[in-house]
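K.L.:
This structure is in structure tokens; I'll ask about it shortly.
Coordinate-derived values only; no laboratory data. Predicted, not measured: the structure shown is a model, and the values here were computed from it. Note that we place each Cβ from the backbone using ideal geometry, even for glycine, and neighbour counts take in every protein chain shown.
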Amino acid sequence: MGGLEAASLTRDVEAPPSPPCAGSAVWERLWRQVPADEKDDARLALESSSPRWALIADRLQSIFGTLRGLRTLELGSGRGDASVLLARAGAEVTLFDRSEAVLDQARRRFDRLGLTARYDCADMLGSLTRWRGGYDVALSLGVVEHFEADVRTAAVGAHGEVLRPGGVAVISVPHARCLPYRVWKFYLERRGWWPYGVECPYSKAELLRRAAAAGLVQTEAVCLNFLESVGNHWVKRLSGRAPSWTYRPSRLDPWMGLILLMFGRRPAAPLAPGE
């Protein structure tokens, strides 16, 4: 697990034009809203204590034995919440996003936290030759649901393309069967208040199907955080305060959890015909 160059910003000049992430202008507008350090620290603390991060860290630990030294690439990274937690655990992280502005924010964030990373400005639907096969882990949190139609398979496939043989893809998306989330989203869209552009949540079946079509193997998907949707999308909006039970497990998690989290692997060797 060789070291990666720290604190660099590169542009993929070789990549041809490719279909943009739906709502790119929306995200450029959202990224202009830079949180204060206190809010940023609170966000990271919330994610680090979440069931999602606990499961990701546990799964990677069980596969690789340690997070230290893992080469990780966060696709559509934004400010790199997952990469911050991985870097704190000793991983060698790369943040990959098409927005130079948000990568500059990420760089300032990592500097403030005393962490190092590489920052690559490129399109995950463009040429990935420079990154192909170079990473133990490729992950994204809330990215591939912002693509539509068959571009969704290409977005999932980008994770496998950058992995070394046997590497692990981790993809987190909103769950299509989370009723509180779907009603909240519908309400905001009807009022013209929805801020995130196109967002098409996944069912477990669709995510696994697209992962298989993209060549990932040993895939599994789990649902988490039903109460997060109830607490953050409804109780917090109505009362102004996040309830203390937001991240508690619920019997409804497997069927209507807000977060759909998938793990898959790049085959350790090329598959024979028919496999």
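K.L.:
If we count every other residue with Cβ under 12 angstrom of Glu228's Cβ, Lys/Arg +1 and Asp/Glu -1, where does the sum land? Provide the component values of the computation, followed by the final result.
P.N.:
Numbers: positive: Arg52, Lys236, Arg248; negative: Glu47, Asp253.
Net of charged neighbours comes to +1.
K.L.:
Follow-up. Lysines near Lys39 by alpha-carbon distance under 19 Å, same-chain residues fewer than 8 away left out - which ones?
P.N.:
Lys39 reaches Lys236.
K.L.:
For Trp131, list long-range residues whose amide hydrogen, built 1.01 Å from N in the peptide plane, is under 5 Å from its own amide hydrogen.
P.N.:
Long-range HN contacts for Trp131: none found.
K.L.:
May I ask for the Rg/Rh ratio of region 203-275, computed from Cα atoms with Rh as the Kirkwood radius, given to two decimals?
P.N.:
Reported Rg/Rh, Kirkwood definition of Rh: 1.21.
K.L.:
May I ask for the net charge around Thr153, where only other residues with Cβ less than 15 Å from the Cβ of Thr153 are counted and Lys, Arg are +1 while Asp, Glu are -1? Don't skip to the end; give the middle numbers.
P.N.:
On the way: positive: Arg152, Arg209, Arg210; negative: Glu145, Glu148, Asp150, Glu161, Glu206.
Spelling it out: positives minus negatives among the neighbours equals -2.
K.L.:
Next up: Taking the convex hull of the alpha carbon atoms in the chain, what volume per residue do you get, in Å³?
P.N.:
It comes to 136 Å³ per residue, whole-number rounded.
K.L.:
Can you work out the Karplus-derived ³J(HN,Hα) for every residue in region 222-230? Use 6.51 cos²θ - 1.76 cosθ + 1.60 with θ = phi - 60°, whole Hz, and x for glycine or proline.
P.N.:
10, 10, 9, 6, 4, 5, 4, 5, 4
K.L.:
While we're here: Just from its helices, what would the mean residue ellipticity at 222 nm be for the chain, if runs of 4 or more DSSP H residues each count -39500 (n - 2.57) and the sum is divided by every residue, rounded to the nearest 500 deg cm²/dmol? Walk me through the numbers on the way to the answer.
P.N.:
Working: 11 runs with 103 residues, N = 275.
It comes out at -10500 deg cm²/dmol, rounded to the nearest 500.
K.L.:
Okay, next question. Give me a comma-separated list of calculated 3J(HN,Hα) values for region 72-79, in order, Karplus coefficients 6.51, -1.76, 1.60 applied at θ = phi - 60°, integers in Hz, x for any Gly or Pro.
P.N.:
Ordered by residue, 3J(HN,Hα) equals 10, 10, 9, 7, x, 5, x, 7 Hz.
K.L.:
Arrange Glu145, Glu47, Glu38, Glu199 by Cβ neighbour counts within 10 Å, fewest through most, would you?
P.N.:
Neighbour counts put them in this order, fewest first: Glu38, Glu47, Glu199, Glu145.
K.L.:
Taking amide H atoms as placed 1.01 Å from N in the peptide plane, list the residues 5 or more away in sequence, or in a different chain, whose amide H sits under 5 Å from that of Arg71.
P.N.:
Glu92, Asp136, Val137
K.L.:
Measuring from a point 7 Å past the Cα of Ser244 along Cα-to-C-beta, which residues in region 218-237 have an amide N at less than 14 Å?
P.N.:
none
K.L.:
Give the aspartates and glutamates reachable from Lys185 as a straight Cα distance under 18 Å; neighbours fewer than 8 places away on the same chain don't count.
P.N.:
The qualifying aspartates and glutamates are Glu145, Glu148, Glu199, Glu228.
K.L.:
Can you list residues from other chains, or at least 5 along the same chain, whose modelled amide H is less than 5 Å from the amide H of Ser77?
P.N.:
Here Phe96, Asp97 satisfy the definition.
K.L.:
Please name whichever of Ser49, Ala117, Ala36 sits farthest to the positive end of the charge dipole of the chain, dipole taken about the Cα centre and charges placed at Cβ: Lys and Arg +1, Asp and Glu -1.
P.N.:
Ser49
K.L.:
For Leu30 and Trp193, compute 0.36 nm times the residue count separating them, minus their Cα-Cα distance, and round to one decimal in nm.
P.N.:
57.3 nm
K.L.:
Right, another one. Tell me the net charge near Tyr196. Cut-off is 13 Å between Cβ atoms, Tyr196 excluded, with +1 for each Lys or Arg and -1 for each Asp or Glu.
P.N.:
Values: positive: Arg29, Lys185; negative: Glu28, Glu145, Glu189, Glu199.
Within the 13 Å Cβ shell, the charges total -2.
K.L.:
With 10 angstrom as the radius, rank Glu161, Glu28 by how many other C-beta atoms surround their C-beta, starting from the fewest.
P.N.:
So the ranking, lowest neighbour count to highest, is Glu28, Glu161.
K.L.:
A further question follows. Counting DSSP beta bridges with both partners in the chain, what percentage is antiparallel, nearest 5?
P.N.:
Antiparallel bridges: around 35 percent, rounded to the nearest 5.
K.L.:
Now for a separate question. Debye calculation, C-alpha points only, no solvent: report log10 I(q)/I(0) for region 90-162 at q = 0.18, 0.23, 0.26 Å⁻¹, in the same order as the q values.
P.N.:
Evaluating at q = 0.18, 0.23, 0.26 Å⁻¹ gives log10 I(q)/I(0) of -0.78, -1.17, -1.34.
K.L.:
Taking θ as phi - 60°, what are the ³J(HN,Hα) couplings along region 117-125 by the Karplus curve (6.51, -1.76, 1.60), each to the nearest whole Hz, with x for Gly and Pro?
P.N.:
7, 10, 10, 10, 9, 6, 9, 5, 9
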